[in-house]
Amino acid sequence: AAGCTVVQAYGGEDALRKVKLHRPDLIVTDLAMPRMSGVEVIERIKRDPETAAIPCIAVTAYMWDQIASAAGQVGCDGFVGKPFNGAKLLAEVGKFVPLPDRVRAARP
């Protein structure tokens, strides 16, 4: 509804494959994932010269915990704390990618 195309990934390895395939304008990832954490996903994205410039937003319930700190250290560009609503997520997304005027006007 915000005018964005969303590509879903199911876990870190899938996310890394899809980042290489689709070259998104922005990545939104949870930090707490099985097998490969969101921190590791962000670290790999930021370490690769081909994807390093893609902004990454971390979604986490642990805003001030070690996991959020680790995400910041590997280059995470933004955070959205859980629980969140669509307006809160769009506000963070809008810092990194242009959103249509109708979406910007609807945000609180």
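For the reader, a short list of remarks on this structure follows.
- Check on Val97, surrounded by fewer than 17 Cβ atoms within 10 Å (Cβ to Cβ), in contact with a His (Cβ under 6 Å, 6 or more places away or on another chain), at pLDDT 90 or above and not small (Gly, Ala, Ser): no
- Looking only at the stretch 2-30, and only at residues there that are among the aliphatic types (A, V, I, L, M), in a loop (DSSP other than H, G, I, E, B) and free of Cβ contacts under 8 Å to residues at least 60 places away in the same chain, the one that is most open to solvent (accessible area, probe 1.4 Å): Val6
The values are calculated or read from the model by the stated rules, or taken from the named source; none is laboratory data. None of these values were measured; they are calculated from a predicted model. Glycine also receives a Cβ, built like all others from the backbone with ideal geometry; neighbour counts cover every protein chain displayed. With ligands, DNA and RNA removed, areas are computed over all heavy atoms of the protein, side chains included. Shrake-Rupley method; radii C 1.70, N 1.55, O 1.52, S 1.80 Å.
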